[in-house]
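Before anything else, here's the structure in question.
The values are calculated or read from the model by the stated rules, or taken from the named source; none is laboratory data. The structure displayed is predicted, hence computed values, not measured ones. Neighbour counts are summed over all protein chains in view; Cβ atoms, including those assigned to glycine, are modelled from backbone coordinates with ideal geometry. Side chains included, ligands, DNA and RNA excluded: accessible areas come from the protein's heavy atoms. Shrake-Rupley method; radii C 1.70, N 1.55, O 1.52, S 1.80 Å.
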Amino acid sequence: MQNMSWNRMGVMAVVGFASGLPLALSGGTLQAWLTAEGVDILTIGMFSLVGLPYVCKFLWAPLLDRFVPARLGRRRGWMFISQISICTVLAIMAFTAPASATQLMAVLACLLALCSATQDVAADAYRADLLAPNERGLGAALSVAGYRVAMLVSGGVALIIADQTGWTTAYLVMTGLMLSGILVSAFGPEPTHPAAMPGSL
């Protein structure tokens, strides 16, 4: 662990947390909300399809590698864009009634999964570019740990909040927690030796 940067290790934990937080909010937690609102089981089952972007994210990953946002660099820029989008979608979901606006909620859930999958692509690339070879093992472990903690928060703590104060509050709290990822994207360290940008797709 010689010359290991603990600042970068902390960044990896936060990046992992931000990556893991939206997963349950478009999956199990959302399905619990639909159940509580009396949505029929067939419709709830169809909502499982919103997870497809996580499977298909390799299709647009080359775009994130090829094009650089105007600010914050290639990796942090895409992370920032996806995280802002996640917060926006979560805030809209918080004020959407699933029982009376099921189709809108389905569209929002798909957008949330799409933005979250995009964040995953950018975060993985950021980790690969940022960490030195001797940091990658621990960095990956801390990123996965942050991811798992976020899944517990969005899958367990969110349900507790919803039971106590309602679903709107639960989703707004999760939106607030996403700010941790936005702060890292905005102010985190820039890789000193990033991978070369490809000349084409």
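Return one number: the angle in degrees, 0 to 90 and rounded to the nearest 10, between the long axis of the Cα atoms of helix 102-130 and the longest principal axis of the Cα atoms of the chain.
Tilt of helix 102-130: around 20 degrees.
Right, next: Could you point to the label whose value was computed as Kirkwood radius over Cα pairs in Å for the structure here, given (1) 16.7; (2) 18.3; (3) 17.4?
Checked against the structure: label (3).
Mind giving me the nanometre distance, one decimal, between the label points for Thr169 and Glu37, set 7 Å out from Cα along Cα→Cβ?
Calculated label separation equals 1.9 nm.
On to the next question. Give me the percent of the accessible area of the chain that comes from carbon and sulfur atoms, probe 1.4 Å, all protein chains in place.
69
If R₀ is 45 angstrom, what is the calculated FRET efficiency for the pair Ile160 and Ala128, using the beta carbon separation as r and rounding to 0.05?
Approximately 0.80, to the nearest 0.05.
Now for a different question. Could you sort 13-23, 168-178 so that the peptide with the highest average Cβ count within 10 Å comes first and the rest follow in order?
13-23, 168-178
Sticking with this one: Determine the per residue accessible area of segment 128-201 with all protein chains present and a 1.4 angstrom probe, expressed in square angstrom.
For segment 128-201, the per-residue accessible area is 54 Å².
From largest accessible area down, sort Met197, Met151; use a 1.4 Å probe on the protein chains. Mind showing how you got there, number by number?
Numbers: Met197 95, Met151 60 Å².
Per-residue accessible area, sorted high to low, gives Met197, Met151.
Distance between the C-alpha centers of segment 169-184 and segment 59-94? Whole Å please.
Spelled out, the Cα-based centre of one part sits 15 Å from the other.
Over what distance in Å are the Cα centres of segment 12-47 and segment 131-155 separated?
Centre-to-centre distance over Cα atoms comes out at 21 Å.
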